[in-house]
Amino acid sequence: MNNASEYIVNFARGTRSLLVGMRATLRVFFRAKTTERYPENRATLTMFDRFRGELVMLHDEQNYHRCTACGICEMNCPNGTLRVTSEWVVDEAGKKKKSLVEYQYDLGSCLFCQLCVRTCAQQALGFLPTFEHAVFTRGKLIHKLNREGSSLAPKPVAESHTV
């Protein structure tokens, strides 16, 4: 093959490739637009159930939580997002047990890997599907998860069965 025929073959291949790309572009260009209109529909916008937006400590109506301050979630966190502060207290029976003082969560460094939720033996943690976390200072991304005045949920008393 000489140079003129190679040039014509390469030009035809290039033109064909260009037309295939333009066909895909024009097909998308004339398609109906599907946007979310995000800021305007903020009140009605819902996220998916499995969306991991923000870690929370689950509390019931009486402000009880199930966290025993064991620290397993803190140990399993890959980048130190969680900080569990606890203290030893003596209960009515004279036994020492650990009590939660503060459960601190840094949303700005969270990987949303859900290792803390999966490894919690008490199922005390969960994720909310919230997604608006824009702040001007990183200090506002540090949250205290245990509510004021909350305490560990009492264990249910086992029923005695008489035979």
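What follows is calculated from the coordinates using simple rules that are stated; it is not laboratory data. Note that the structure is predicted; figures quoted are calculated from it, not measured. Note that we place each Cβ from the backbone using ideal geometry, even for glycine, and neighbour counts take in every protein chain shown.
Under the combined filter of DSSP loop state and at most 14 neighbouring Cβ atoms within 10 Å, the range 62-101 retains these GluC sites (Glu not before Pro): E92. Taking a Cβ cut-off of under 15 Å around L107, the surrounding Lys, Arg, Asp and Glu residues balance to a net charge of +2, with basic ones at +1 and acidic ones at -1.
Identify the residues of the range 97-137 with backbone N under 19 Å of a label point that sits 7 angstrom from the Cα of L45 along the Cα-to-Cβ direction, or state none. Answer for the range 97-137: 128-136.
With a Förster radius of 35 Å applied to the beta-carbon distance between R118 and A93, the computed FRET efficiency rounds to 0.60. Using a 4.7 Å Cβ-Cβ cutoff, the cysteines of the chain lacking any partner cysteine are C67, C70, C77, C110, C113, C120. Computed from the coordinates I sent, Cα Rg over 2.2 N^0.38 Å equals one of [x] 1.87; [y] 1.15; [z] 1.43. Tell me the label. The listed entry that was calculated here is [x]. For the range 75-124, taking the reciprocal of the average inverse distance between every pair of different Cα atoms yields a Kirkwood hydrodynamic radius of 12.6 Å. Which of L125, L111, L82 moves most in a GNM of the chain, Cα contacts under 10 Å? Of L125, L111, L82, the most mobile in the Gaussian network model is L111. Each other residue within a Cβ distance under 13 Å of C120 adds +1 if Lys or Arg and -1 if Asp or Glu, for a net charge of +1.
Once you reduce the range 121-149 and the range 13-90 to the center of their Cα atoms, the two points are 14 Å from each other.
At an R0 of 45 angstrom, the distance between the Cβ atoms of E36 and S151 translates into a FRET efficiency of 0.60.
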